[in-house]
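The values are calculated or read from the model by the stated rules, or taken from the named source; none is laboratory data. Note that this is a predicted model, so its numbers are computed, not measured. Here the Cβ positions follow ideal geometry from the backbone for every residue, glycine too, while neighbour counts run over all protein chains shown.
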């Protein structure tokens with residue numbers, strides 16, 4: 001009969017060092033994650049930019065010429081605060097509830113300029129005072145929907161409705177920033193005139 005010898009207390013040192021390696025790796029990953037999170041958190045604003053209550057706009061007059069593929073309207077500041085401009089989007093389907101086509105790229109008006117995807121009447125200032133009207137007669141809000149460049153193609157189809165979101169400059173951490181007044185969105189169904 002052969003003898004069976006058991007050795008007690010002998011451990012596999014290679015297995016232990018692999019476990020220690022994984023624990024150290026996880027500790028390093030968690031530490032780096034916490035550092036990156038704290039660093040990124042400093043870049044995100046703590047509170048959202050918002051417009052005060054009382055911002056409101058109206059469109060008393062609108063001309064949508066389907067044959068010329070142009071849009072011209074009067075924008076009236078009916079609120080209690082001055083604004084600087086607006087975002088304008090459109091739909092080309094009467095069943096589509098949310099406007100998704102940016103019309104700012106078609107802006108050809110005489111009173112403002114395009115900054116990103118917004119039509120503004122002044123840089124760094126809220127110039128459209130309460131009661132002010134940016135008029136059709138001045139072509140302040142004129143859009144040439146036939147515009148064609150490398151980046152802009154003519155508007156697809158006809159406009160079913162437009163959505164206007166007023167914007168204004170607000171002070172944020174001592175600097176002027178543009179705030180989107182989402183509580184004052186104007187949704188206007190339109191037809192060819």
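Points to keep in mind about this one:
- Selection of the range 159-181 for residues being in contact (Cβ under 8 Å) with a residue 40 or more places away in the chain and not in a strand (DSSP E or B) yields 159, 160, 181.
This table checks each residue for (1) touching a helix residue (DSSP H, G or I) at 6+ places or on another chain (Cβ under 9 Å); (2) surrounded by 15 or more Cβ atoms within 10 Å (Cβ to Cβ); (3) at pLDDT 90 or above; (4) outside any loop (DSSP other than H, G, I, E, B).
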{"position": "39", "(1), (2), (3), (4)": "no, no, no, yes"}
{"position": "44", "(1), (2), (3), (4)": "no, no, no, no"}
{"position": "48", "(1), (2), (3), (4)": "no, no, no, no"}
{"position": "64", "(1), (2), (3), (4)": "no, yes, yes, yes"}
{"position": "72", "(1), (2), (3), (4)": "no, yes, yes, yes"}
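- Candidate set from the range 121-143 (those that are touching a residue at least 60 places away in the same chain (Cβ under 8 Å) and part of a loop (DSSP other than H, G, I, E, B)); member that is nearest to residue 89 (Cα to Cα): 141
- Residue 149 meets each of the listed conditions (1) more than 15 Å from residue 70 (Cα to Cα); (2) in contact (Cβ under 8 Å) with a residue 40 or more places away in the chain; (3) part of a loop (DSSP other than H, G, I, E, B) apart from (2).
- Residue list for the range 183-193, restricted to those being surrounded by 12 or more Cβ atoms within 10 Å (Cβ to Cβ) and touching a residue at least 60 places away in the same chain (Cβ under 8 Å): 183, 184, 186, 187, 188, 190, 191
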